[in-house]
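The values are calculated or read from the model by the stated rules, or taken from the named source; none is laboratory data. Keep in mind that what you see is a predicted model, and the values were worked out from it rather than measured. Note: ideal-geometry Cβ built from the backbone for every residue, glycine included; neighbour counts use all protein chains shown. Accessible surface areas use protein heavy atoms only, side chains included; no ligands, DNA or RNA. Shrake-Rupley method; radii C 1.70, N 1.55, O 1.52, S 1.80 Å.
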Amino acid sequence: MKKILVTGGCGYIGSHTIVDLIENGFDVISIDDNSRSSTFLLEGIEKITGKKIKNYKVDLCDFNDTNAVFEENEDIAGIIHFAAYKAVGESVEKPLMYFENNLLSLINLLKCVEAFKIPYFVFSSSCTVYGNPDSIPVTELTPTKPAESPYGYTKQMGEQIIGEFTKANKDTKCILLRYFNPAGAHPSALIGELPIDKPQNLVPVITQSAIGKIPGITVFGDKYPTRDGSCVRDFIHVSDLAHAHTLALEFLINNKNKTNPEIFNLGTGEGITVLETIKAFERVTGVKLNYTVGANRPGDVIAIYANNDKAKTILGWQTLYSLEDILGTAWKWEQKLKDDEKLFTGKNIQLN
Ligand code: WQD
């Protein structure tokens with residue numbers, strides 16, 4: 001059974017990917033400093049899979065602590081690297097924090113990949129590397145443009161760092177997965193998105209507003225050149241996204257990659273506006289949302305959605321969940337969190 005290191009394993013996409021890896025026969029360990037996550041999701045993973053996941057509470061920006069994990073686990077067969085800060089708006093306000101955290105952690109990890117000759121490396125990238133694309137949907141060959149935020153730049157630079165790394169380390173096979181907008185929760189509602197501070201992303205803002213944790217939703221702009229004036233995004237269910245990571249790893253293990261690194265877009269191929277998403281949530285749940293329209297958010301891309309043909313044909317990836325499933329599972333998870341609030345209080349997790 002191959003042991004896979006998942007960084008950010010206590011996080012949203014990391015936890016869902018661990019579930020999928022286990023269900024597909026992999027052994028998994030995690031590195032997560034819990035600065036923006038908690039071990040609560042590891043309990044959910046155990047309930048779903050029956051497996052207790054060992055998490056090393058290590059800051060990847062500390063090389064010695066990171067290196068010690070590899071010394072203790074000589075049998076790491078591959079790495080999926082999620083751990084990074086990911087809020088567009090916050091990155092505009094705190095660029096140096098984003099560059100330091102997202103790039104130093106990647107460089108430390110790659111130093112260990114080189115030293116311990118780890119053969120497979122999957123990187124959590126993002127559609128933000130396309131900037132504001134001239135035409136949509138975007139394919140993997142769509143030229144990247146200047147990012148719209150420091151967060152987007154950390155993903156562009158991360159891809160470049162990995163590109164140069166693979167030229168010097170040909171025996172490590174890498175894949176860059178460009179996510180569109182991850183959302184939703186595992187159908188069991190045992191794991192999901194757990195914003196430790198105020199949520200930044202649209203879907204958790206919607207569900208926290210619907211359940212009354214936050215007063216309402218501000219739509220950041222409705223005068224964009226789109227069909228209803230609000231931004232266009234491609235929401236992908238986190239469980240569909242998770243399975244793509246397992247397929248990517250198996251693709252590398254089976255030595256099928258033609259280029260190194262190999263790049264895949266992970267989106268549904270459907271674009272939907274912010275206002276349409278709000279209306280879809282009301283339709284799916286019957287909950288009326290309270291929203292107002294405010295100023296554009298600095299760093300926002302106007303419209304983007306994926307051409308996902310490459311992942312479908314080359315990885316054999318199929319998306320199983322619809323937008324209604326995304327919003328319905330997100331809502332079920334939010335309601336579960338409220339039911340467990342006493343549990344959270346006991347575990348001293350600050351939920352807004
Ligand atoms: C979506 C749309 C907002 C909140 C980022 C990363 C991406 C991925 C997901 C990691 C935008 C609007 C949002 C709100 C709003 N990261 N919005 N009111 O910025 O598209 O993508 O997070 O996996 O790589 O770039 O996601 O959900 O923050 O915003 O109107 O309260 O919703 O303006 O148009 P984003 P988002």
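Structure notes:
- Some residue of segment 180-195 being among the acidic types (Asp, Glu) and within 28 Å of residue 333 (Cβ to Cβ): yes
- Evaluating residue 320 against the criteria (1) under 23 Å from residue 135 (Cβ atoms); (2) open to solvent by 70 Å² or more (accessible area, probe 1.4 Å); (3) in contact with a His (Cβ under 9 Å, 6 or more places away or on another chain) leaves one unmet condition, (1).
- Count of segment 294-304 residues which are surrounded by 14 or more Cβ atoms within 10 Å (Cβ to Cβ) and either closer than 23 Å to residue 176 by Cβ or in contact with a helix residue (DSSP H, G or I) (Cβ under 9 Å, 6 or more places away or on another chain) (or both): 6
- From the options 290, 307, residue that is more than 28 Å from residue 119 (Cα to Cα), open to solvent by 10 Å² or more (accessible area, probe 1.4 Å), under 25 Å from the mean Cα position of the chain (by Cα) and more than 9 Å from the ligand (Cβ to nearest atom): 307
- For segment 218-231, the criterion of being among the aliphatic types (A, V, I, L, M), at pLDDT 95 or above, part of a strand (DSSP E or B) and farther than 20 Å from residue 11 by Cβ is met by at least one residue.
- For segment 261-275, the criterion of a residue being part of a strand (DSSP E or B), farther than 23 Å from residue 137 by Cβ and in contact with a helix residue (DSSP H, G or I) (Cβ under 8 Å, 6 or more places away or on another chain) is satisfied by no position.
- Residues (among the hydrophobic types (A, V, I, L, M, F, W, C), within 13 Å of the ligand (Cβ to nearest atom) and either open to solvent by 40 Å² or more (accessible area, probe 1.4 Å) or assigned to a helix (DSSP H, G or I) (or both)) located in segment 156-207: 202, 203, 205, 206
- Only residues that are of a type in the set (Val, Ile, Thr), in contact (Cβ under 8 Å) with a residue 12 or more places away in the chain and open to solvent by 40 Å² or more (accessible area, probe 1.4 Å) were counted in segment 210-262, giving 2.
- Looking only at residues of segment 131-145 that are at pLDDT 95 or above and open to solvent by less than 50 Å² (accessible area, probe 1.4 Å), we find that the one that is farthest from the chain's Cα centre (by Cα) is 142.
- All conditions in (1) closer than 20 Å to residue 201 by Cβ; (2) at pLDDT 95 or above hold for residue 31, with the sole exception of (1).
- Residue list for segment 120-130, filter: crowded, with 24+ Cβ neighbours inside 10 Å and not hydroxyl-bearing (Ser, Thr, Tyr): 121, 122, 123, 127
Yes/no matrix, rows are residues, columns are (1) free of Cβ contacts under 8 Å to residues at least 40 places away in the same chain; (2) away from the ligand (no atom under 12 Å from the Cβ); (3) closer than 23 Å to residue 92 by Cα; (4) among the small types (Gly, Ala, Ser):
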position	(1), (2), (3), (4)
113	no, yes, no, no
118	no, yes, no, no
122	no, yes, no, no
130	no, no, yes, no
136	no, yes, no, no
141	yes, yes, no, no
147	yes, no, yes, yes
150	no, no, yes, no
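- Search result, residues across segment 240-287 that are under 16 Å from the mean Cα position of the chain (by Cα), of a type outside the set (A, V, I, L, M) and closer than 17 Å to residue 123 by Cα: 240, 243, 245, 246, 264, 265, 267
- Residue within segment 168-187 that is farther than 25 Å from residue 83 by Cα, in contact with a Lys or Arg (Cβ under 9 Å, 6 or more places away or on another chain) and touching a residue at least 40 places away in the same chain (Cβ under 8 Å) present: no
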